Amino acid sequence: MEAVNSSGIRWIRYDERTRTLDVAYTNWGEYRYFDVGPEVYAWLVRAESKGKFVNRLVKEKYRYERLD
């Protein structure tokens, strides 16, 4: 789990073995995104705005489930 500097995201976690990305949103709970490649996680870690990155390149492209 990696805390991030973002107003909309509390932390992110990536499991390369299962290719899952977990995102804990400040106001919307925790979600798991499936079949996310390691390069997407690497881009997310480097993104200036984590929230914009997730909104544009993760939410609409990957199957997900709510964790909490």
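I'm trying to understand the selection: among the residues of the stretch 1-13, which are of a type outside the set (K, R), part of a strand (DSSP E or B), open to solvent by 40 Å² or more (accessible area, probe 1.4 Å) and without any contact (Cβ under 8 Å) to a residue 40 or more places away in the chain?
The first filter runs over the stretch 1-13 and keeps only residues of a type outside the set (K, R), leaving 1-9, 11-12.
Next cut, part of a strand (DSSP E or B) only: 2-3, 9, 11-12.
Then keep just the ones that are open to solvent by 40 Å² or more (accessible area, probe 1.4 Å); that gives 2-3.
Once the filter is applied, which keeps residues that are of a type outside the set (K, R), part of a strand (DSSP E or B), open to solvent by 40 Å² or more (accessible area, probe 1.4 Å) and without any contact (Cβ under 8 Å) to a residue 40 or more places away in the chain, the stretch 1-13 yields only A3.
Only residues in the stretch 30-48 that are assigned to a helix (DSSP H, G or I) count as the first member; pair them with residues that are open to solvent by 50 Å² or more (accessible area, probe 1.4 Å), Cβ under 6 angstrom, at least 6 apart or cross-chain, and list the lot.
If the second residue must be open to solvent by 50 Å² or more (accessible area, probe 1.4 Å), the pairs left are P38/E16.
Tally time: how many residues in the stretch 14-29 are in contact (Cβ under 8 Å) with a residue 40 or more places away in the chain and of a type in the set (D, E, K, R)?
In the first step, residues of the stretch 14-29 are kept if they are in contact (Cβ under 8 Å) with a residue 40 or more places away in the chain; the result is 21-22.
Still in the running and of a type in the set (D, E, K, R): 22.
Qualifying residue count, the stretch 14-29: 1.
Within the stretch 24-39, which residues are more than 16 Å from M1 (Cα to Cα) and open to solvent by 10 Å² or more (accessible area, probe 1.4 Å)?
N27, W28, F34, D35, E39, listed by residue number.
As an exercise: evaluate L21 against (1) within 12 Å of the chain's Cα centre (by Cα); (2) surrounded by fewer than 16 Cβ atoms within 10 Å (Cβ to Cβ) and give the number of the one condition it does not meet.
Failed condition: (2).
Which residues, counting only those in the stretch 49-58, are of a type outside the set (S, T, N, Q) and either surrounded by 13 or more Cβ atoms within 10 Å (Cβ to Cβ) or part of a loop (DSSP other than H, G, I, E, B) (or both)?
In the first step, residues of the stretch 49-58 are kept if they are of a type outside the set (S, T, N, Q); the result is 50-54, 56-58.
Selection gives K50, G51, F53, V54, L57, V58.
Can we say V40 is modelled with pLDDT of 95 or more and among the hydrophobic types (A, V, I, L, M, F, W, C)? Working first, answer last.
Working: modelled with pLDDT of 95 or more: yes; among the hydrophobic types (A, V, I, L, M, F, W, C): yes.
Against the criterion (modelled with pLDDT of 95 or more and among the hydrophobic types (A, V, I, L, M, F, W, C)), V40 qualifies.
The values are calculated or read from the model by the stated rules, or taken from the named source; none is laboratory data. Keep in mind that this is a model prediction, so the values were computed, not measured. So basically every Cβ, Gly included, is an ideal-geometry build from the backbone, and we count neighbours across all protein chains shown. These accessible areas exclude ligands, DNA and RNA; they are computed on the full protein's heavy atoms, side chains included. Shrake-Rupley method; radii C 1.70, N 1.55, O 1.52, S 1.80 Å.
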